[in-house]
Each structure stands twice: as structure tokens, then as C-alpha cells.
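Peer 1: Below is a structure I'd like to ask you about.
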Amino acid sequence: MTPFSMTPSPLRGLALATALALAAAAPAAAETKPGKKFTVAYIAPSLDISYWQWVAYGAKTKAKELGIDYIELDSHNSPVDQMTNVRTALTRGVDAIVMGPVSSASTPPVLRLLKDKNIPVAFTGIGPQPGETDYTSTVTANNYEAGREEGKFVCGLAKERGGNKVGMLSLPQDRENAQKYLKGAKEAFAAEGCDLVQVLQTKGLTVREAVDQTNDLLTRNPDVKAIYGMYDEAATGAAKALQTQGLVGKVGVATADGSPTTVRLLREGVIQGLFLQEAGGQGIEAVQQVYNALTGAPVTKELPLPEPLVTAKDIDSPEAQAKLKRVYPPSAGQY
């Protein structure tokens with residue numbers, strides 16, 4: 001994959017640009033319901049995780065732009081709390097819900113309740129359980145394509161370092177986005193001739209956990225030449241472990257997501273590639289989709305946003321900088 005090429009095709013970027021242009025005009029649609037003030041609830045799986053804070057930032061920003069009241073609820077990674085939050089939102093009279101689910105498996109009871117109440121719902125980051133259809137929109141990354149492209153890139157890193165063994169720090173595999181990442185990555189490894197020797201799933205998405213898992217991975221597999229990170233903290237933890245062991249540059253690292261920390265590590269050469277996932281952009285687009293549903297405008301049921309690769313060579317390009325501004329807010333740190 002060439003640096004900062006948009007997956008899977010330029011047409012998708014054009015489609016997103018068109019959608020954004022339509023979104024700018026969308027507030028006029030609300031005039032068809034004089035005096036109606038909509039309220040949207042954003043329900044996060046955990047607001048302790050910066051990624052979900054950035055989705056919230058995008059959702060809140062878009063809601064303000066559209067003149068929608070906004071409330072925010074935290075599920076603390078608990079399906080029980082998630083359902084309580086949905087009921088709380090309904091009690092507070094919300095017109096629509098944007099949700100990052102705790103897991104894909106946790107979504108069926110939520111969808112049954114919201115269908116019964118005729119409440120539009122858009123998912124961000126993590127989609128519903130496969131087979132579920134009673135939702136307004138899913139705004140996620142193009143996880144399968146990104147998984148395949150990152151797999152190809154990571155395999156290339158390994159071969160540049162004289163081997164073909166790679167390891168993976170994975171999101172929980174009860175999430176449909178993680179399953180798609182893994183499927184794409186495995187296909188790329190098979191096609192490119194690399195051996196995925198170990199997959200370690202996170203439980204808490206913490207840097208400390210990723211450090212421990214990287215140390216375990218390298219102890220069990222000293223011939224690993226590259227690490228595939230499926231989330232931002234994975235790359236940060238892997239980088240810390242490599243720095244401690246004196247292996248920076250000897251073991252390649254790439255990851256999905258992106259943050260001020262991993263952008264800095266990229267600039268410093270500690271990690272070699274970022275596949276940027278629009279956390280803020282997902283919040284923006286999800287609010288737009290439920291607003292469209294409320295106002296009778298067209299809705300896009302599946303909206304997978306591309307995850308382009310950026311490297312140290314092109315991180316300062318106008319395209320990369322524009323993309324980063326849809327990943328995290330200025331308050332999070334430098335671009």
C-alpha cells in the first residue's frame with residue numbers, strides 16, 4: 001500500500017466528501033418540523049478510553065452544528081450499564097441514540113427495545129452482532145480492508161528485518177470490527193508469505209497490558225520481526241517494550257487508530273506506520289445519520305470510513321493533517 005492511499009478506492013473518498021457536503025445543508029431539513037428540538041444521546045462503552053472520548057467530541061460537535069441537544073452516558077464496559085443507559089436516555093426523552101457498544105454480542109436486546117420505541121440508532125466504531133438489521137446506521141472503519149492493508153504492511157516490515165514471523169496485539173474478538181481486522185490480516189499474511197505466530201487479545205486496552213503482552217510475545221517468539229497493533233495503546237505499549245529491550249528498529253510496529261502519542265512515536269521512528277481511524281469523524285457521521293432519519297433525509301446504513309496509512313515521510317502532508325483532525329480534537333495534543 002502506498003503511504004496515505006485511501007482504501008479501498010478513491011470513489012469512497014469522493015462519496016464521503018459528497019456526504020459531508022450534504023451534511024452541511026442538512027439543518028434546513030429540520031425546518032419541516034417547526035418548533036421541534038431534537039435530543040441525541042451518545043452512549044460510550046467506556047469514557048476512560050481516549051478513543052471513545054474523541055468519538056464523543058465528534059458527536060457533540062456535530063450535534064451543536066445541527067442545533068440538537070446532546071447528552072452523554074458511560075457504560076463502564078458493562079452490558080448491564082449499557083442497557084440501563086439506554087433506558088435512562090429514553091426516560092429523558094431522547095429522539096435518537098448514537099452508541100459505541102460494549103461488544104457486538106451486547107447489541108440485540110438494545111436493538112429490540114429501540115425498535116419497539118421507534119428510536120433511530122447509529123453505531124460507532126463497533127458494529128452490531130452479525131445478522132442484526134434493525135438499526136439506522138453503522139459508522140465504523142473499513143476494518144476488513146484496513147486489516148488486510150495493515151497485514152501487508154506489517155509483513156513487509158518483517159521481511160525488511162530479515163524474517164517472516166509476526167505477532168499481533170488484538171482487540172477483543174467478541175467485537176465484529178476486531179473479527180474483520182483479523183480476517184483481513186490473516187489473508188494478507190498468507191498472500192505475502194508471513195507467519196502469524198501469536199495473537200494476544202486485550203482485556204483493558206491499557207498501555208501497561210500491551211507492554212506485558214509484547215514482552216510475552218517476544219519471550220515466546222524471539223524470531224518475531226514485526227508487530228501488528230489493532231488499537232492505539234497496543235503500539236504505545238509495544239514501543240515501550242522495544243525501547244526497554246533495545247529492539248527499536250529491529251522489530252517493526254504498525255497500528256490502527258492514531259493519537260498524539262503514536263504520531264510522536266512515528267515521527268521518532270519507533271513505530272513505522274499508522275492506519276488512521278477517524279474517532280471524531282465517526283461521531284460526526286453517526287449524528288448526521290440519525291439526524292437524517294429524524295428529518296426524512298436519506299440514510300446510509302453501512303458507512304465504513306477508510307483508514308489510510310501514514311508514515312514518518314508523509315505525516316506532515318496536507319492530506320495526513322486533514323485526516324488527523326478527524327481522528328482526535330486539538331485539545332488532545334499536537335498533530
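The values are calculated or read from the model by the stated rules, or taken from the named source; none is laboratory data. Worth saying up front: this structure is predicted, and the values here are computed from it rather than measured. Reconstructed Cβ throughout: ideal geometry from the backbone, glycine too, with neighbour counts over all protein chains shown. Surface accessibility is based on the protein's heavy atoms, side chains included, excluding ligands, DNA and RNA. Shrake-Rupley method; radii C 1.70, N 1.55, O 1.52, S 1.80 Å.
Peer 1: Which one of Leu266, Leu305, Leu274 is closer than 16 Å to Tyr328 by Cβ, in contact with a strand residue (DSSP E or B) (Cβ under 6 Å, 6 or more places away or on another chain) and at pLDDT below 95?
Peer 2: Answer to the selection: Leu305.
Peer 1: Kindly evaluate Leu266 against the criterion of being hydrophobic (A, V, I, L, M, F, W, C) and under 27 Å from Gln179 (Cβ atoms).
Peer 2: yes
Peer 1: Next question. Looking only at strands (runs of 3 or more DSSP E) that fall completely inside the stretch 104-184, which ones have 3 or more residues that are hydroxyl-bearing (Ser, Thr, Tyr) and under 30 Å from Pro298 (Cβ atoms)?
Peer 2: 137-141
Peer 1: If I ask for residues that are out of contact with any strand residue (DSSP E or B) (no Cβ under 7 Å at 6 or more places or on another chain) and surrounded by 16 or more Cβ atoms within 10 Å (Cβ to Cβ), which ones from the stretch 91-106 would you list?
Peer 2: Across the stretch 91-106, the qualifying residues are Val102, Ser103, Ser104, Ser106.
Peer 1: Can you tell me which residues in the stretch 180-193 are touching a residue at least 24 places away in the same chain (Cβ under 8 Å) and open to solvent by 20 Å² or more (accessible area, probe 1.4 Å)?
Peer 2: Listed by number, the residues that qualify are Lys180, Leu182, Lys183, Lys186, Glu187, Ala191, Glu192, Gly193.
Peer 1: Right, next: When both residues are 6+ apart or on different chains and their Cβ atoms are under 8 Å apart, which pairs have a first residue that lies in the stretch 58-74 and is within 24 Å of Leu324 (Cβ to Cβ), and a second that is of a type in the set (A, V, I, L, M) and open to solvent by 30 Å² or more (accessible area, probe 1.4 Å)?
Peer 2: From the stretch 58-74, the pairs are Gly58/Ile284; Ala59/Ile284; Thr61/Ile284; Lys62/Ile284; Glu72/Leu47.
Peer 1: Within the bounds of the stretch 29-37, is there any residue that is in the same structural domain as Val110 (by TED's automatic domain parsing), over 18 Å from the mean Cα position of the chain (by Cα), outside any helix (DSSP H, G or I) and at pLDDT below 50?
Peer 2: yes
Residues checked against (1) closer than 19 Å to Gly67 by Cα; (2) over 15 Å from the mean Cα position of the chain (by Cα); (3) surrounded by 20 or more Cβ atoms within 10 Å (Cβ to Cβ):
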site: Ala279; (1), (2), (3): no, no, yes
site: Leu303; (1), (2), (3): no, no, yes
site: Ala312; (1), (2), (3): no, yes, no
site: Lys325; (1), (2), (3): no, no, no
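Peer 1: Against the definition (in a helix (DSSP H, G or I) and surrounded by 17 or more Cβ atoms within 10 Å (Cβ to Cβ)), how does Val290 come out, yes or no?
Peer 2: yes
Peer 1: Among residues belonging to the stretch 255-271 that are within 13 Å of Leu242 (Cα to Cα) and either of a type outside the set (A, V, I, L, M) or assigned to a helix (DSSP H, G or I) (or both), point out the one that is most open to solvent (accessible area, probe 1.4 Å).
Peer 2: Gly269
Peer 1: Being in a helix (DSSP H, G or I) and within 27 Å of Asp48 (Cα to Cα) is true for just one of Gln334, Gln321. Which residue is that?
Peer 2: Unique residue meeting the criteria: Gln321.
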